[in-house]
Amino acid sequence: MDIMGIDEITYGADDFETCKKFFADWGLESVSESADKLVFSTLNGCLVNVVKQDARDYPAPIEPGPTLREVVWGVSDEDVLKRLAQQLSDQSGYQNTGDRLSCVDPSGMLLGFQVSRKKEISIDCGQMNTWNEKPRRNARSPIYERAHPIEVGHVVFFVSDLQQMEDFYVNKLGFAPSDRYPGRGVFLRCDEDGGHHDLFLLQTPDKKVGLNHVAFAVRDIHEVFGGGLHVDRCGWKTQLGPGRHPISSAYFWYFQNPAGGLIEYYADEDQLDKDWVPREFEPSPTRFAEWAVDGGLDGNTRRQKNVGGPDGKFLTDRK
């Protein structure tokens, strides 16, 4: 395994107070805070930074307003970093500080590469009893009052030239295609053996460029629900969810993010390897979501939005 996943991301957003509250409610740990930068961490040490929109250490943003400014990918060792240095030396914005490489991808996003600084962790997760296998005995599935994301699992961008972007990530960086919407989108994983996608590139008819969303992996479906209910109780707005993606099998819940784009909790995505053959799909709402709750669940009633609150009765008691 060469590129192991996302090590760090940086948003550009001016409203630090709102971003600080949001990422705390999202379940990230505050690492440091200054007038110029907020730093948060997931459970495994993946960093989430927020800098001002006019920060000088970054290329021009890919779109107006708050958005993602950098994605740093973690690699397995120094030899991989040296090989990437040779492969990327001709790329726009190339720099090599010794412990980190950087360049700009064809859509203008700043990319970094470093020996991964994320830590290996072991955490308890909910076990699923199926008809064939019943590993959970004399125990309930977990209930989470909020989420604590494990890592940044994937990013999704709108791009103006899908083929150019796929060529860059596959031929320059060694990403593997997982599935496609021909001419419209491609799911890429950074290693043949891994989760369904670390990067999704989407070309819209108007060929706009920008951030769609950043996704945070959580333990299991129960934490998707518990996290989403907590974020709703905190007053943040659901974009869509909870729901399930049929292409990756993952359960999801999307919220609007004051730092830019959308933000997602997800769990239980497909795991692929070298034997996987990419599939092709026609875009449609049911391809995106097998099922989904429009507007989300109310964090207090734990039911769909705009329904009655708790009244001390079973549903069967109501006429």
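The numbers here are math on the coordinates, done by the rules we state, and not lab data. The model shown is predicted, which means the values in this text are computed figures rather than measured ones. Every residue, glycine among them, receives a Cβ derived from its backbone with ideal geometry; neighbour counts consider all protein chains shown.
Odds and ends about this structure:
- Across segment 1-156, the relative contact order, built from alpha-carbon pairs under 8 Å that are at least six residues apart, equals 28 percent.
- Each peptide in 44-50, 114-120 gets a packing score, the mean of other Cβ atoms within 10 Å over its residues, and the list from highest to lowest is 44-50, 114-120.
- Take 211-219, 81-89, 179-187, 284-292 and order them by the average number of nearby Cβ atoms within 10 Å per residue, most first; the result is 211-219, 179-187, 81-89, 284-292.
- Over 21 Å between alpha carbons, listed pairs 207/237; 172/208; 37/82; 37/208; 21/237; 20/119: 207/237; 172/208; 37/82; 37/208; 20/119
- Residues residue 281 and residue 206, FRET efficiency given R0 of 22 Å [Cβ-Cβ distance, rounded to 0.05]: 0.55
- Computed over segment 177-319, Kirkwood Rh from alpha-carbon pairs, angstrom: 16.7
- Based on Cα contacts under 8 Å between residues 6+ apart, segment 180-271 shows a relative contact order of 28 percent.
- About the centre of its Cα atoms, the chain shows a dipole size close to 1180 debye [charges on the beta carbon of Lys, Arg (+1) and Asp, Glu (-1) only; nearest 20 debye].
- Degrees between helix 78-88 axis and first principal axis of the chain (Cα, 0 to 90, nearest 10): 70
- Per residue, the convex hull spanned by the alpha carbons of segment 215-292 comes to 104 Å³.
- Relative to the longest principal axis of the Cα atoms of the chain, the long axis of helix 16-26 makes an angle of roughly 60 degrees.
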